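First comes the structure, then the notes that go with it.
The values are calculated or read from the model by the stated rules, or taken from the named source; none is laboratory data. Since the structure is predicted, the reported quantities are computational estimates derived from the model, not experimental observations. FYI the Cβ positions are ideal-geometry reconstructions off the backbone, even for glycines, and counts take in every protein chain you see. For the accessible areas, the whole protein counts, side chains as well, though only heavy atoms, and no ligand, DNA or RNA atoms are used. Shrake-Rupley method; radii C 1.70, N 1.55, O 1.52, S 1.80 Å.
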Amino acid sequence: MKKQWLRKIGLILLSVFVLSLLVFVMSRLAPGDPLVSYYGERAERMSVEEHEHAMERLGLNEPIPVQYVKWLGNAFQGEFGISYKYKQDVLTVIEGRLVNTLLLGGIGFILTFGLALLLGIFCVYYENQLPDRILRKVGTITSCIPEFWLSLILILIFSVNLKLLPGSGAYDFGQSANPLSRLTHLILPLTVVVLSHLWYYAYLIRNRLLEETRKDYVLLAKAKGMSRKRVLFFHCVKNIMPSFISLMAISLQHVIEGTYIVEMVFSYPGIGTLSFESAKYHDYNMLMVLCVFTGIFVIAGNVIGQSVSEWIDPRMKEINMTGKASQI
C-alpha cells in the first residue's frame with residue numbers, strides 16, 4: 001500500500017514538473033511583449049536601453065532554461081513573484097478570485113453528477129418508453145450546444161430582454177458578503193455549466209446501468225420475485241458506484257474547462273477569467289501559478305477518485321491498470 005501511494009505521489013510530482021516546464025517554455029516563446037502588461041503604453045515609447053533595463057529588472061533577459069531554474073527555486077520557497085498586470089503578489093490576486101470559481105465550479109460539479117445519476121436511473125427505469133425517448137432527444141440537442149453560445153443566449157433572454165438576472169460579475173457592487181447577490185449572479189453561469197455537461201454524463205451512466213440490469217444476478221433476483229424497482233435501486237445502482245466515482249474523477253478536468261469558458265463569457269471574476277487575462281497580457285508569473293495549481297487539482301482529483309473506486313470495489317484496480325477505466 002505504501003509503495004502504491006509513493007508511486008502515485010511520484011507520478012503527480014512528475015506530471016506537475018512536465019506541465020510547469022511546458023507552460024513556462026511556451027509562454028516565453030509566444031509572440032508579444034510582456035513589458036506592455038507591466039508598463040502599459042509606456043513600454044511602446046521606451047528606448048532600446050530602457051527596454052533592456054526593464055527586461056533585466058523583471059528577469060526576462062536571461063536564457064529560458066536559466067529563467068525556469070530560478071522560477072522553480074523560488075516556487076519551492078513559496079515565492080511566485082508579482083503579477084505584471086495587477087502589480088500585486090500573484091497569490092493575493094488569486095485569493096480574491098478563487099472563492100468565486102470554487103462556488104461556480106464546485107456547485108456545478110455536484111449538481112451535474114447528482115442530476116446525471118438521477119437522470120440515468122430515470123431513463124433506465126422507463127427504458128424505451130416515452131420519458132426515456134424524450135429525454136434522450138432533448139439531451140442530445142443540449143449536449144451539442146457550445147457553452148459560449150448557450151451563455152450568450154441566456155444573457156440575451158434573461159438579462160437584456162427580460163432583465164430578470166444579471167449577466168456579468170459575481171455580485172453587485174459592494175455586496176460581496178451578500179449571499180443573495182452572489183446567488184442571483186450564479187444562476188445563469190451555473191445553468192450553463194450544468195446543462196452543457198449533464199446529458200453527456202447521464203447518457204454514460206444510463207448505458208452503464210443498462211449493462212448492469214442485463215447481468216445474470218438481475219435475472220435471478222427477478223425470478224425470485226424481487227421487484228424491478230428494488231433490483232435497480234438496491235443492487236444495480238450500488239454496483240456501478242465504483243465506475244461512477246471513476247467517471248467523476250476523470251471528468252474533473254472537463255468540468256473545470258467548461259467553467260473557465262463560462263467565466264469568460266459572463267465576465268465572472270474567477271480563475272478562468274484570470275487565466276485568460278494572464279495569457280493575453282503575458283503575465284508570466286500569474287499564468288504559471290494558475291496552470292500549475294489547476295494541474296495539481298486535476299491530477300490529484302483523478303488519483304483520489306481512482307483510489308476511492310478501488311477501495312469500494314477492488315476489481316476496479318485491475319480495470320484501471322489495463323486502461324479501461326473510461327469505459328463506464
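Apolar share of the accessible surface for the chain: 66 percent from carbon plus sulfur atoms, 1.4 Å probe. The slack between Arg230 and Lys215, meaning 0.36 nm per residue of separation minus the straight C-alpha distance, is 3.9 nm.
Taking 0.36 nm per residue of sequence separation and removing the Cα-Cα distance, the Glu62/Lys87 pair yields an extension gain of 6.8 nm. Excluding ligands, DNA and RNA, the accessible surface per residue across the chain is 57 Å² with a 1.4 Å probe.
The Val160 and Ser47 beta-carbon pair, evaluated with R₀ = 45 Å, returns a calculated FRET efficiency of approximately 0.40. When only DSSP loop residues count, what trypsin sites (Lys or Arg not before Pro) in the stretch 77-175 have their Cβ near at most 10 other Cβ atoms within 10 Å? Sites meeting the loop and neighbour criteria: Lys87, Lys163. Averaging Cα coordinates gives a centre for the stretch 51-100 and one for the stretch 105-137; these two points are 45 Å apart.
Would you be so kind as to identify which of Leu130, Gly295, Gln88 lies farthest towards the positive end of the dipole of the chain, taking Lys and Arg as +1 and Asp and Glu as -1 on Cβ and the Cα centre as origin? After comparing all options, I get Leu130.
At an R0 of 35 angstrom, the distance between the Cβ atoms of Phe173 and Val138 translates into a FRET efficiency of 0.40. The lysine pair tally for the stretch 92-273, using Cα distances under 26 Å and a gap of 8 or more places or different chains, is 7.
Using Cβ point charges alone (K and R +1, D and E -1), the dipole size of the chain about the Cα centre works out to roughly 2020 debye.
Each distinct pair of alpha carbons in the stretch 21-88 adds a 1/r term; the inverse of their mean, the Kirkwood radius, is 13.0 Å. Out of every Cα pair in the stretch 51-144, what percent are spaced more than 18 Å from each other? Roughly 69 percent, rounded to a whole number. Here's the list of aspartates and glutamates a cross-link from Lys70 could span, going by alpha-carbon distance under 12 Å and ignoring same-chain residues fewer than 8 apart: Glu62, Glu79. Computed over the chain, the P(r) curve from all C-alpha pair distances, binned at 10 Å from the origin, holds 5, 20, 25, 24, 16, 7, 3, 1, 0 percent per bin.
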